[in-house]
Amino acid sequence: MSSLLMNLDEIDLEGKEPLTEPERQYYFMAKCRKWVRHKEKELNRALTFSVVTFGCQMNAKDSEKLAGILEKIGYVQVEGEEVDFVVYNTCTVRENANTRVYGRLGYLNGLKRKNPNMMIALCGCMMQEDAVVDKIKKSYRFVDMIFGTHNIFKLAELMDTRLHSKTMIIDIWKDTNLIVEDLPSERKYSFKAGVNIMYGCNNFCSYCIVPYVRGRERSRNPEDIIKEVRELVADGVIEIMLLGQNVNSYGKNLKEPISFAELLVQLEQIEGLKRIRFMTSHPKDLSDELIEVMKNSKKICRHLHLPVQSGSTDILKKMNRNYTKESYLKVAEKIKTAMPDISLTTDIIVGFPGETEEDFLETLDVVKKVRYDSAYTFLYSKRSGTPACVMENQVEDPVAKERFDRLLKTVQEIAGELTGKLEGMVEEVLVEEVNTQDSSFLTGRLSNNTLVHFKGSDELIGKLVSVKLSQCKGFYYFGELI
């Protein structure tokens, strides 16, 4: 029987704790559910929970697993933080992400005083930092559980430990090779889903904390990924987003290596699956094979996020990105030649230590040559524990800000020239939701990731429909249902 179908009522709680996963976690889910049922009778109401996600799509996917486990245990998910169990799934890519969490914890302390039954769990990337855990132990004693990125699956086991010990539980793993399959998951959308294909990162970009908090690269077995996608499609999913810190290096560490392009070919054969997206791609690993697969695919979306970070080869070397300006431009040209209709987006950091005006102009040159549909632009943010944090020649804030404004202006001008190229065309749109500004409109997404708003009824949500893109409004279209 699939573990996803495991009936908690059939688990023998008098027997020994299983040692294998995921059976062990279902055992603890059953134990926790027994406690939840007892508590519900005592309080004469259902117990509620909320998972608050900070950060990237990998975190959002982890949060779906956390929500799935809590629902299996018997909690009911609600909006807001006035609940019986709150989980903060944290991010630590930038310093302000940490500051936000500390600010919210003060608020949670007040809620916990009002509700003595409340439990607070902190997990995710921020918890992988020793200094953070020390600060929470010292200043936020009301927190019940702290765990990191590697043992998200252990939520029920950690909760059981907390219920028996009455003290703060801290379980941080520095790294792992373990991937636990077949855990419950509570998806945000019925028609689209994120699917992890790998965890961790081996790149060690000098500005980035991710390899230290997410660990080394480990790929899931293709059979497990294909099985998960088949189950999702059977459950009504028509679009998947494949997730990994660097999807282009997928499969290299498996016993039987497989390339990312080969995985995509296998996934494309799944009947009922209509769209495949993925992120993030590292330029140094983007192969000709992948470009060819994308070019010939009927299902892979016409959108590629390819972070450049800087246009200066000198700065790229300091960043430890392992490609040059020239090699990046060559890859971008190959992509655009193979797929003229592709939407290419990127990430750019301004003000990296040692960046000169000449280096910055190289970045502007890349932006002008590649002509991105959009770019996520960031001012360099020091992250303690990374090599870049202690580099000499840190760029002064006013200089970095002035460059940032110039970059943003250039990016927006080019994006403005590119938008509207589909105006008047009929395109396929995946309907995602009722428009938040006007409920008579629906909002959906093109293959190239552009948003489209058009009149229609909510029964179209989750369906692929043909829409005439009648009016371009910069970064989105107004359309008419065909």
*Measure nothing but the geometry: give the 0 to 90° angle between the long axis through the Cα atoms of 357-370 and the longest principal axis through the Cα atoms of the chain, rounded to 10°.*
90 degrees
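Between residue 327 and residue 42, what's the calculated FRET efficiency when r is the beta-carbon distance and R0 is 56 Å? Round to 0.05.
Values: r = 64 Å, r/R0 = 1.14.
Plugging the Cβ-Cβ distance into 1/(1 + (r/R0)^6) gives 0.30.
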*So which lysines pass the test for residue 252, namely a Cα distance under 16 Å, with those fewer than 8 places away in the same chain ruled out?*
284
*Which Cys in the chain stand alone, with every other cysteine's Cβ at 4.7 Å or more from theirs?*
32, 56, 91, 123, 125, 201, 301, 389, 472
*Can you find, among 99, 151, 86, the residue farthest towards the positive end of the dipole of region 22-171? Put +1 on the C-beta of Lys and Arg, -1 on that of Asp and Glu.*
86
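Tell me, what is the percent relative contact order of region 1-103, built from C-alpha pairs under 8 Å that lie six or more residues apart?
26 percent
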*Regarding region 1-128, what are the three Cα extents along the principal axes, ordered largest first, in Å?*
46, 33, 22
*asked:* If you average the C-alpha positions of region 373-391 and of region 268-287 separately, how far apart do those two centres end up, in angstrom?
replied: 27 Å
*Three principal axis lengths of region 77-182 [C-alpha, angstrom, descending]*: 41, 33, 28
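Would you work out the charge dipole size for region 323-387 about its Cα centre, treating the Cβ of every Lys and Arg as +1 and the Cβ of every Asp and Glu as -1, and quote it to the nearest 20 debye? Display every interim value, and only then the final one.
Working: 9 positive and 11 negative charges, 47 e Å.
With only Lys, Arg, Asp and Glu charged at Cβ, the dipole is about 220 debye.
Two decimals, Cα atoms only, Kirkwood Rh: what is Rg/Rh over the chain? Spell out each step's value before the answer.
On the way: Rg = 23.6 Å, Rh = 24.3 Å.
Reported Rg/Rh (Cα atoms, Kirkwood Rh): 0.97.
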*Could you give me the ³J(HN,Hα) list for region 425-440, computed from phi with Karplus coefficients 6.51, -1.76, 1.60 and θ = phi - 60°, whole Hz, x at Gly and Pro?*
8, 9, 10, 7, 10, 8, 6, 9, 6, 6, 4, 6, 8, 9, 5, 7
*Please go through the residue pairs 174/318; 192/274; 274/295 and name each one whose alpha carbons sit more than 18 Å apart in this structure.*
174/318
*region 192-419 - Rg and Dmax from Cα coordinates, angstrom*: 18.4, 55
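Report, to two decimal places, the Cα Rg of region 336-410 normalised by 2.2 N^0.38 Å (N = number of residues).
Details: Rg = 14.1 Å, N = 75, 2.2 N^0.38 = 11.3 Å.
Scaled against compact globular proteins, the figure is 1.24.
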*Which cross-chain or sequence-distant (5 or more) residues have an amide H under 5 Å from the amide H of residue 374, H modelled 1.01 Å from N in plane?*
346
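For the chain, what is the relative contact order in percent, using Cα pairs closer than 8 Å and at least 6 residues apart in sequence?
Working: 897 pairs, mean separation 44.7, N = 482.
Once divided by the residue count of the chain, the mean separation gives 9 percent.
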*Just how many % of Cα pairs in region 250-291 lie over 13 Å apart, if you round to the nearest whole percent?*
62 percent
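Please give the charge dipole size of the chain, origin at the Cα centre, charges +1 on K and R Cβ atoms and -1 on D and E Cβ atoms. Round to the nearest 20 debye. Please list the in-between numbers first.
Details: 67 positive and 71 negative charges, 162 e Å.
For this selection, approximately 780 debye.
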*Where Rh denotes the Kirkwood radius from the mean inverse Cα pair distance, what is Rg over Rh for region 237-315?*
1.00
_Average Cα contact separation per residue, region 22-171, under 8 Å, 6 or more apart, as relative contact order %_ = 24 percent
_Please list log₁₀ I(q)/I(0) at q = 0.22 Å⁻¹ for region 425-481, using the Debye equation with identical point scatterers on the alpha-carbon positions._
-0.72
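No value in this document is a laboratory result; all are computed from the given coordinates. Predicted model only: the values in this text are computed from it and were never measured. Cβ coordinates were reconstructed from backbone atoms using ideal geometry, including for glycine residues, and neighbour counts include every protein chain displayed.
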